[in-house]
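The values are calculated or read from the model by the stated rules, or taken from the named source; none is laboratory data. Every value quoted in this text rests on a predicted model; they were computed, and no experiment measured them. Note that we place each Cβ from the backbone using ideal geometry, even for glycine, and neighbour counts take in every protein chain shown. Remember, those area values only see protein heavy atoms, side chains included, never the ligands or the DNA or RNA. Shrake-Rupley method; radii C 1.70, N 1.55, O 1.52, S 1.80 Å.
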Amino acid sequence: MIAVLVVAIGVLYGCGVYLILQRNLTRIIIGLAVIAHGANLLLLVAGGRAGAPPIAGTDAAAFADPLPQALALTAIVITFGVTAYLLAIAYRSWLLTSSDIVEDDIEDRRIAAHLNSPPGEGGERR
Amino acid sequence: MILVFVVHAVVALVCLIGGERLGRRVLLVGAIAPASIAFAFWQLATSDADALTATVSWLPALGLELDFRFDGFSVLMAGLIGVVGVLVFLYSWSYFAERTGLARFAAILVVFAGSMFGIVTADNLLLLVVFWELTSITSYLLIGFQDDSAIARASALQALLVTTIGGLAMLAGVVLLGSAAGTYSLSGVLAAPPSGTASGVGLALVLVGAVTKSAQVPFHFWLPGAMAAPTPVSTYLHSATMVKAGIYVVARFAPVFAVLVAWWRPTIVLMGLATMLLGGWRALAQSDLKLLLAHGTVSQLGFMMVLVGWGTPEMTYAGMAMLVAHGLFKGALFMIAGAVEHHAHTRDLRRLSGVARELPWALWMSVVAVAAMAGVPPFLGYATKEFALGGLVADTPWQVTATVVVGSMLTVAYGLRFLWGTFATKPGVAPVPEQHGHRSTVGLLIPVAVLTVGSVIGGVVVGLPDALVAAAARSVDALSSGFQLALWHGFGPPVVLSVVALLGGWLLWKWPLPVLRRFTSRTPEATRVYGDSLIGLNRAADRVVSTMQSGSLPVYLSVIVTVAVVAPGVLMVRHWRSLPEIAFAESPLQMVAVLVVVAAAVAVTLVRRRLAAVLCLGAIGYGVAVLFIIQGAPDLALTQLLVETLALAFFVMVLSRLPLRFEVFPDAGGQAIRVVVASVVGLATMAFALWAASERTAPSLAAEFIARAEPEGGGRNVVNVILTDFRALDTLGEITVLVVAALGALALIRAPMPTEDPDPSEVGT
């Protein structure tokens with residue numbers, strides 16, 4: 001286990017989570033990308049120590065585990081697709097609202113406000 | 001026996017599909033279903049056995065079989081279901097005018113009859129619960145038949161809530177009981193009753209189901225509420241069949257568990273007596289005929305609960321007899337109430353007057369039914385009540401007997417109130433107008449006549465019902481043979497008690513009613529408790545929703561992230577092993593790359609300019625690519641470099657349209673929480689990374705993949721072979737995701753601005 005890699009993973013996750021808890025849509029998207037980097041690293045590190053590239057015909061005993069690499073490869077590409085899509089959403093949202101702030105859900109707010117309505121109404125609602 | 005179910009299913013379908021074309025005749029078609037129960041009788045009668053059994057394989061791997069058993073007790077119950085069922089269908093035929101929805105009504109009633117037959121024949125406890133809940137649901141649909149009435153809907157919901165909550169408790173109880181006994185077979189559990197805490201709790205839960213269904217205190221209120229149903233439904237479900245399902249279950253269990261379980265008798269007897277008294281008391285105060293009868297039914301159910309719940313052979317015998325007698329007289333009374341309402345257009349006994357002149361036959365049949373209910377010779381009700389009193393005197397403490405006698409006085413009193421209220425000519429009340437051009441009520445009274453004649457014959461030729469009751473009692477409790485119903489048991493305590501009850505009841509009825517009503521109105525109403533608890537439930541739900549759903553995305557994400565940390569974190573702490581050996585770094589280059597990554601990650605959280613944030617993100621990506629190379633994953637590094645470059649281009653393209661800096665959202669206090677949550681997640685992930693490496697128990701699949709890559713995949717790069725051969729389908733899925741994402745992104749960017757038809761409320765928010 002390599003200490004610096006563990007530190008890198010932790011920092012990536014921490015910073016990513018900090019970003020997705022923001023209100024700016026673009027910062028949230030960047031946060032997701034940061035977390036994705038951390039996740040890929042985590043996959044690889046969980047697979048074991050570093051080794052030679054897994055190319056058949058070379059010394060098999062020195063290979064790094066190829067399975068986590070294959071999984072991480074898929075993850076990288078999927079993350080790319082998701083990021084591109086989210087960016088398109090951010091762009092569209094900006095075009096429509098001139099803001100990339102994530103507002104509170106109005107419907108949820110309304111339910112919360114319902115509690116403050118005069119007593120007696122709560123029971124009649126179906 | 002299985003055929004009976006098939007017939008019910010087919011008839012229900014026929015009613016549903018062909019119903020609107022058949023019109024009112026659909027109710028006659030429906031009558032075929034309960035009539036088909038006769039087939040089971042015939043089958044049993046032609047076989048030598050005491051009981052028929054049938055099994056249909058359902059889920060044999062899970063031990064779920066459709067086990068049916070048709071024994072003496074089932075015969076008694078199925079007789080009620082079949083006979084009253086046919087009569088109710090005939091009655092409905094006269095009761096309903098031509099109207100839409102009759103097909104639905106008939107179909108549901110048929111399904112109900114089938115489910116009820118299922119309850120009394122199921123020999124698998126789980127199967128019993130299934131039928132049990134089916135009767136609750138059909139009852140809900142039938143009570144709410146007049147779905148344009150808010151009262152009907154609310155009453156239906158109330159009945160459904162009460163009986164299904166009981167049903168769910170029963171399901172839990174059945175599971176506990178079944179797993180304690182090692183079998184879900186009803187006869188198996190009764191043959192080898194389990195003991196211990198689990199089975200005790202299970203038994204209590206089953207009882208909860210039984211008492212809710214049979215409307216015992218404190219769950220009695222749904223039954224009078226259910227009177228919003230059409231009268232045929234009240235007759236069938238709420239006096240003759242469904243409400244007796246609870247009695248049925250208790251009667252099955254009592255002979256075994258009343259002796260084994262210490263709390264059984266006190267619980268059931270106290271509850272039953274309370275129900276008997278409260279029901280009778282309330283019945284006295286009612287001025288609606290159906291409500292009066294409904295409260296009376298509650299009272300009688302309490303009485304039957306005491307009888308069958310006590311668990312001694314004689315009391316069981318008495319309970320069985322009461323089941324029959326009650327089905328006959330109460331069914332008749334409900335039908336009469338319906339006929340009177342049909343004739344006079346009111347059920348209010350303060351407005352009815354002079355009905356005796358108009359409907360003399362109804363009067364005489366009511367007199368018989370009420371006399372049977374009150375226990376006047378020579379009707380079946382008298383024979384059973386004498387027997388029951390004899391059993392009470394012999395087997396129970398005197399307090400129980402005394403309470404039952406008081407309850408019987410109330411029965412006599414509300415019986416008289418029913419008679420007087422329905423038929424008497426009251427001074428100061430205008431007699432009901434004579435009905436002209438009105439469909440005759442004769443059709444309504446024919447089924448009543450059948451039930452009344454049954455009460456009379458059953459009393460005079462008491463051997464007929466006795467054979468039925470004897471077989472029923474024997475199949476529940478083998479010791480209960482040797483008893484006999486008789487019209488005259490000789491002079492003894494039962495006769496004295498009967499006379500006391502009759503006289504006392506007459507006096508109670510004579511009691512000035514206003515005084516009585518003032519008393520009854522002071523007793524607290526269970527309905528109000530129900531209503532309040534419903535309102536409370538809604539309030540609580542509102543509170544939970546408004547707490548859980550604040551509408552703020554950061555809050556939701558914080559909750560999700562915290563759970564994602566805490567749940568595996570607990571497992572990690574509990575299963576912590578010693579850490580693997582830790583090296584600081586594998587090469588200086590790795591240290592440099594990590595430094596870059598960490599620095600860039602910290603920077604990306606701090607910068608306020610969008611472009612700077614994107615560049616930091618790119619730095620992270622390239623740093624990670626370097627780490628991939630060091631880790632021995634050149635393919636990963638290559639992909640990462642390409643993807644990162646493309647992603648950077650996208651980010652720059654999109655963000656160049658947005659303002660230079662992030663907008664600042666004013667929310668104080670959130671910052672600290674964000675930092676804390678983020679730090680906790682970071683630390684937990686580090687712990688997880690360490691833990692994951694130390695937890696590996698199975699050898700990697702790597703050797704397998706490496707060995708097969710060249711011969712089977714034809715490639716030397718193992719990672720590529722895995723992606724394109726071994727996990728090819730997965731890769732195909734990945735490509736699909738990319739295509740969908742690309743199309744989606746394209747559509748979002750290309751979509752025209754909604755400039756035409758500008759709606760400020762949509763665009764501006």
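Please give the helix B:197-213 orientation as an angle from the longest Cα principal axis of chain B, in degrees from 0 to 90, rounded to the nearest 10. On a 0 to 90 degree scale, this one is about 60. Note on A:Arg109/B:Ile560: beta-carbon distance plugged into 1/(1 + (r/R0)^6) with R0 of 30 Å gives a FRET efficiency of 0.90. Ordering B:Ile143, B:Ala228, B:Gly492 by Cα displacement along the dipole of the protein assembly as shown toward the positive end leaves B:Gly492 in first place; charges were set at the Cβ atoms of Lys, Arg (+1) and Asp, Glu (-1). Under 1.5 on a/c is rounded, so check that first for chain B, then, if it is not, pick prolate when a/b is larger than b/c and oblate when it is not; a ≥ b ≥ c are the square roots of the alpha carbon gyration tensor eigenvalues. Prolate. Ranked by the mean number of other Cβ atoms within 10 Å of their residues, highest first, the peptides A:99-111, B:207-219, B:316-328, B:585-597 fall in the order B:316-328, B:207-219, B:585-597, A:99-111. A simple charge model with +1 on the Cβ of Lys and Arg, -1 on the Cβ of Asp and Glu and nothing else charged puts the dipole of the range B:645-753 at about 400 debye relative to its Cα centre.
To the nearest whole number, what is the average tally of beta carbon atoms from other chains within 10 Å of the beta carbons of peptide A:23-30?
6
Would you mind checking the tilt of helix B:380-395 against the longest principal axis of the Cα atoms of chain B, expressed as 0 to 90 degrees and rounded to 10? For helix B:380-395, the angle is close to 70 degrees. Applying 0.36 nm per residue to the separation of B:Val367 and B:Asp50 and subtracting their alpha-carbon distance, the gain on full extension is 110.3 nm. Dipole size of the range B:343-476 about its Cα centre, with +1 on Lys/Arg Cβ and -1 on Asp/Glu Cβ: approximately 380 debye, rounded to the nearest 20.
Taking a ≥ b ≥ c as the square roots of the Cα gyration tensor eigenvalues, with a/c under 1.5 meaning rounded and otherwise prolate when a/b beats b/c, else oblate, which class fits the range B:576-711? The shape class here is oblate. Each label point was placed 7 Å from the Cα along the Cα-to-Cβ direction; for B:Arg99 and B:Val259 their separation is 5.3 nm.
Select from B:Tyr622, B:Gly309, B:Thr527 the residue farthest towards the positive end of the dipole of chain B; place +1 on Cβ of Lys and Arg, -1 on Cβ of Asp and Glu, and compute about the Cα centre. After comparing all options, I get B:Thr527. Where does helix B:264-285 land angle-wise versus the long Cα axis of chain B, in degrees 0 to 90, nearest 10? Approximately 70 degrees, to the nearest ten.
For a paramagnetic label modelled at 7 Å from the Cα of B:Ser533 toward its Cβ, which residues of the range B:228-243 fall within the zone defined by backbone nitrogen distances under 20 Å? Label zone hits: B:243.
For GluC sites (Glu not before Pro), the sites in the range B:700-758 that DSSP calls loop and that have at most 15 other Cβ atoms within 10 Å are B:Glu756. Comparing Cα centroids, the range B:554-607 and the range B:68-112 end up 68 angstrom apart. Counted residue by residue at 0.36 nm each, then reduced by the alpha carbon distance between them, the extension gain from B:Ile457 to B:Val739 reaches 93.3 nm. Put a dot 7 Å past the Cα of B:Leu648, heading toward its Cβ, do the same for B:Trp58, and the two dots end up 6.5 nm apart. Among the protein heavy atoms of chain B, carbon and sulfur supply 71% of the accessible surface, probe 1.4 Å, non-protein parts ignored. Cross-link pairs exceeding 19 Å in C-alpha to C-alpha distance, out of B:Lys290/B:Lys330; B:Lys213/B:Lys385; B:Lys426/B:Lys510; B:Lys330/B:Lys385; B:Lys244/B:Lys330, comprise B:Lys213/B:Lys385.
Which of the trypsin sites (Lys or Arg not before Pro) found in the range B:72-161 are loop residues per DSSP with 16 or fewer other Cβ atoms within 10 Å of their Cβ?
The qualifying sites are B:Arg99.
Subtracting the Cα-Cα distance of B:Thr346 and B:Gln671 from their residue separation scaled by 0.36 nm leaves 110.0 nm. Take each residue in A:42-53, count the other chain C-beta atoms within 10 Å of its C-beta, and the mean is 6. Amide hydrogen proximity for B:Leu64: with H placed 1.01 Å from N in the peptide plane, the residues at 5 or more positions away or on another chain lying under 5 Å are B:Leu59. In this Cβ point-charge picture (+1 for Lys and Arg, -1 for Asp and Glu), the protein assembly as shown has a dipole of about 2440 debye about its Cα centre.
Most simply put, the protein assembly as shown has about 85% antiparallel DSSP beta bridges, counting only bridges with both residues inside it.
Legend: mean number of C-beta atoms from other chains within 10 angstrom of residue C-beta atoms, peptide B:713-726, equals 5. Think of the protein assembly as shown as having a plus end and a minus end, set by charges on the Cβ of Lys, Arg, Asp and Glu; of B:Val740, A:Ala70, B:Pro360, B:Pro360 sits farthest toward the positive end of this dipole.
Could you list the trypsin sites (Lys or Arg not before Pro) in the range B:594-672 that lie in coil according to DSSP, counting only those with at most 12 other Cβ atoms within 10 Å of their Cβ?
Here the sparse-neighbourhood loop sites are B:Arg608, B:Arg657.
The order of the peptides B:375-388, B:565-578 by mean Cβ neighbours within 10 Å, most packed first, is B:375-388, B:565-578.
Ordering of B:30-42, B:675-687 by packing is B:30-42, B:675-687, highest average first (other Cβ atoms within 10 Å, averaged per residue).
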